[in-house]
Amino acid sequence: MTQLHDLTALEQAAAVRAGEVSPTQLVEHALARIDALDADLGAFITVTPERALAAAARADELVRLGGELPPLLGVPTAIKDLNNTAGVRTTFGSTVMADFVPTVDDDVVTRLAAAGTISLGKTNTPEFGFPCYTDNGLAGPARCAWDRSRLAGGSSGGAAVAVAAGMIPFAQGSDGGGSIRIPAAINGIFGIKPTRGRVSNAPYGGDVTGLGTNGPLARTVRDAAAMLDAMAGPVLGDPAWAPPLPPGETFLGWADRAPGRLRIGRYCESPIPGIELEPDVRAAFEDASRLLEDLGHDVEDVPPGLLGADVLPSFERVWALSGTTLPVPPDRVGELRPLTRELRGRGLAMSAQDAMEAMLALRLFSRRFLQATARYDVLLAPVCTMTPRPLGWFDADGDGAEDFERQKRYAAFTALFNVTGQPAVSVPLYWTGSGLPIGSMLVGRPADEATLLSLSAQVEAARPWAHRHPDVWECTR
């Protein structure tokens, strides 16, 4: 029998508009699943049932009054705990910030509410979003929905688990080095890092590095496209604006269009010397290549040597710069996790000249890379080099520097496209013999989410994945 969580986000929205289900029913069902499942999965840091039910009651009244309704009215979602939410504590995954309650919403929170979605709370994230896995001193680890002995990825790990386990149909995440694509790949769902400037980081997220952006995680491409439509748009004063779609076009509309024949460049060369793909990851990459060829696209190997190992030290320095502005009182620095202390220390030890030279090196590399790959409509690459890692694999020894080295070896592909600002997705096309998902990454031209969503929808139609669920899906609540 179909349960409410079996419906996609767009199906839930359509059912609300048709009077087949109420927003309150959707929210109550989602809250019940969180209550039943989250203790074993670690998807949430904070759940806000009273606020969610009050919002659902207001949505019920909108339906009763009739007239034009917001496109996603009544659909449950959640906000990553790196994003400010007025009146709801925002911990940034840190015990140091456990009691912080913002007075304003981030712009992306406001936009999602305006589209009619109802947030059920704040999803789990690692301390200040630095790692590619999710664990902290507040909620513990976010666990892979397919194998709870493994990490869910990060830093949008809680969001990915909540979607994969059927607690909510889609969720907001953010990505500064792979933080949407990595947990999407690990949990068998679809995630998109939009192009730089597509989704505003206002009011506080100026992000002088230009690496981070907000984006959707969802079970289907169409749901992610609809969520991106709701999230997208600049705020006056943003440092980067992506050109809008032509009047009358939407990202959801592009998900319903055939992409035509594309030229796709594939590569699995890592900027980190000596990195080898695990056999299952290599098999997933080759499988995705064959599927794209079978769909009529021209798939060819990207010439070697484009990535340039020399860019990696500059990225590391720029990544560490983010640790210099953490809102942590000096007398509480010792409470930070080892990785956070390591990166903060590196950033503070850097001279202004070193910082500026690192930023310049990334900008010059980005220009060279984009020009060298301009003949391709889309790029294909792995997301991670290995299958999902066991709990404690990154940080069990408490050494922040070694933790960072393990992350570099594991997540060797995603950060490149935060540097270039290109849109990139993780598509769940492959499962290992033991039942673990492995996502593959598709990367679009700058500001061309449209082609990327069209292609993603095509591969989803050819190799459907939304019907594939982890065991926890069958929980009847």
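Within the range 78-101, the set of residues being under 19 Å from Pro141 (Cα atoms), in contact with a Pro (Cβ under 8 Å, 6 or more places away or on another chain) and among the hydroxyl-bearing types (Ser, Thr, Tyr) comprises Thr90 only. For the range 458-477, the tally of residues that are part of a helix (DSSP H, G or I) and closer than 27 Å to Glu293 by Cβ stands at 5.
Assess whether Ile264 counts as being within 24 Å of Leu41 (Cα to Cα), touching a residue at least 24 places away in the same chain (Cβ under 8 Å) and either touching a helix residue (DSSP H, G or I) at 6+ places or on another chain (Cβ under 9 Å) or part of a loop (DSSP other than H, G, I, E, B) (or both). It is false that Ile264 is within 24 Å of Leu41 (Cα to Cα), touching a residue at least 24 places away in the same chain (Cβ under 8 Å) and either touching a helix residue (DSSP H, G or I) at 6+ places or on another chain (Cβ under 9 Å) or part of a loop (DSSP other than H, G, I, E, B) (or both).
Tell me yes or no: at least one residue of the range 310-328 is surrounded by 21 or more Cβ atoms within 10 Å (Cβ to Cβ), assigned to a loop (DSSP other than H, G, I, E, B) and small (Gly, Ala, Ser). Among the residues of the range 310-328, not one is surrounded by 21 or more Cβ atoms within 10 Å (Cβ to Cβ), assigned to a loop (DSSP other than H, G, I, E, B) and small (Gly, Ala, Ser), which makes the answer no. Evaluated against (1) assigned to a helix (DSSP H, G or I); (2) under 20 Å from the mean Cα position of the chain (by Cα), Arg346 falls short on exactly one condition, (2). Candidates Thr220, Thr195: the one that is open to solvent by less than 10 Å² (accessible area, probe 1.4 Å) and closer than 20 Å to Asp175 by Cβ is Thr195.
Within the range 56-77, residues that are farther than 24 Å from Ala218 by Cα have Cβ atoms under 9 Å from residues that are open to solvent by 70 Å² or more (accessible area, probe 1.4 Å) and not in a strand (DSSP E or B) in these pairs: Val63/Arg17, counting only partners at least 6 apart in sequence or on another chain.
Among residues of the range 404-420 that are without any contact (Cβ under 8 Å) to a residue 24 or more places away in the chain, those with a Cβ under 8 angstrom from a residue that is assigned to a loop (DSSP other than H, G, I, E, B) and open to solvent by less than 10 Å² (accessible area, probe 1.4 Å), sequence gap 6+ or separate chain, pair up as Arg406/Phe394.
Among the residues of the range 17-52, what is the count of those that are in contact with a Ser or Thr (Cβ under 7 Å, 6 or more places away or on another chain) and of a type in the set (A, V, I, L, M)? Result for the range 17-52: 3.
Yes/no matrix, rows are residues, columns are (1) polar (S, T, N, Q); (2) farther than 14 Å from Leu41 by Cβ; (3) touching a strand residue (DSSP E or B) at 6+ places or on another chain (Cβ under 8 Å):
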{"residue": "Thr110", "(1), (2), (3)": "yes, yes, no"}
{"residue": "Ala113", "(1), (2), (3)": "no, yes, yes"}
{"residue": "Cys132", "(1), (2), (3)": "no, yes, no"}
{"residue": "Leu138", "(1), (2), (3)": "no, yes, yes"}
{"residue": "Ala142", "(1), (2), (3)": "no, no, yes"}
{"residue": "Lys193", "(1), (2), (3)": "no, yes, yes"}
{"residue": "Arg198", "(1), (2), (3)": "no, yes, yes"}
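Does Pro304 qualify as being in contact (Cβ under 8 Å) with a residue 24 or more places away in the chain and open to solvent by 70 Å² or more (accessible area, probe 1.4 Å)? Yes, satisfied.
Being among the aliphatic types (A, V, I, L, M), part of a helix (DSSP H, G or I) and open to solvent by less than 20 Å² (accessible area, probe 1.4 Å) is the filter here, so list the residues in the range 407-438 that pass it. Passing the criteria: only Val419. Restricting the range 50-74 to residues that are open to solvent by less than 40 Å² (accessible area, probe 1.4 Å) and under 26 Å from the mean Cα position of the chain (by Cα) leaves a set whose member that is farthest from Ile118 (Cα to Cα) is Pro70. The residue of the range 75-93 that is most open to solvent (accessible area, probe 1.4 Å), among those that are among the aliphatic types (A, V, I, L, M) and more than 18 Å from the chain's Cα centre (by Cα), is Ala86. Among the residues of the range 238-257, those that are open to solvent by 40 Å² or more (accessible area, probe 1.4 Å) and in contact with a Ser or Thr (Cβ under 6 Å, 6 or more places away or on another chain) comprise Trp254, Arg257. Number of residues in the range 370-398 that are under 23 Å from the mean Cα position of the chain (by Cα) and either closer than 27 Å to Glu286 by Cα or among the aromatic types (Phe, Trp, Tyr) (or both): the value is 17. Can you find a residue that is assigned to a helix (DSSP H, G or I) and over 22 Å from Gln172 (Cα atoms) anywhere in the range 39-57? So far as the range 39-57 goes, yes, one or more of its residues are assigned to a helix (DSSP H, G or I) and over 22 Å from Gln172 (Cα atoms). Does the range 439-457 contain any residue that is open to solvent by 20 Å² or more (accessible area, probe 1.4 Å) and either at pLDDT below 95 or not in a loop (DSSP other than H, G, I, E, B) (or both)? Yes, the conditions are met somewhere in the range 439-457. The residues in the range 357-405 that are assigned to a loop (DSSP other than H, G, I, E, B), of a type in the set (A, V, I, L, M) and modelled with pLDDT of 95 or more can be counted, and the count is 4.
The values are calculated or read from the model by the stated rules, or taken from the named source; none is laboratory data. In this text the structure is predicted, and so the values were computed from the model without any measurement. Note: ideal-geometry Cβ built from the backbone for every residue, glycine included; neighbour counts use all protein chains shown. Surface areas here come from the heavy atoms of the whole protein model, side chains and all, with no ligands, DNA or RNA. Shrake-Rupley method; radii C 1.70, N 1.55, O 1.52, S 1.80 Å.
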